[in-house]
Amino acid sequence: MKRIIAATMLSLGATPVLAHLDPGQHGSLAAGLSHPVFGLDHILAMIAVGLWAAVLGGRAVWTLPVAFVGAMMAGFVLAVSGYALPLVEPMILVSVLALGLAVALSLRLPVSAAAGIVGVFALFHGHAHGGELGAATALTFGAGFAISTAFLHGVGVVIALAAGRALSGSKIIKGLGWATALGGAWVIVGG
């Protein structure tokens, strides 16, 4: 299991040199699908949402990802409509740290409060995606990154559920939370 965690963390750190696919060359949907997976900060935050949802269990398993994707799309609409949000990039970085800590500390909140927290962070993630729309068509680009984001949330849930079946499952999940928080701190300080 340690090898799987190490391989996962190393592969998450290996981001492509080209930040995003060109919508003119690859199409708006492909550009949207690839957008969240080409940034370590986005990957860590999306997977952490899934991990935290699984830690909370019950209806949180679907509520947190749905809240994230919904609020992310609202942020995207704000951006493409020309409405600015303050501190977009700092909030994205804080989201990685905070969501990692929520997982690491097994933070137990009511589902509505946890959904509110991920929703606030998602608003900024969506706004960043909208600000990077470029030549892409908004509808298909948005659909692409919504699908990709939901997939990454699902990866987090599956990892947590699989780790939960191991003898030291809660330690593994907490370790992934600490790794996420450290990754967020690393990105914040300019790693």
Between region 45-90 and region 106-182, how many Å separate their Cα centres?
-> 7
Using the Cα gyration tensor of region 24-126, with a ≥ b ≥ c the square roots of its eigenvalues, what is the shape: rounded (a/c below 1.5), prolate (a/b larger than b/c) or oblate (neither)?
-> prolate
If you take the beta carbon distance between residue 170 and residue 132 as r and set R0 to 35 Å, what does 1/(1 + (r/R0)^6) give as a FRET efficiency, to the nearest 0.05?
-> 0.40
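A short reminder: the numbers here are calculations on the coordinates, not readings from a lab. For clarity, every value in this text was computed on a predicted model and none was experimentally measured. Positions of Cβ are backbone-derived with ideal geometry, glycine not excepted, and every protein chain shown enters the neighbour counts.
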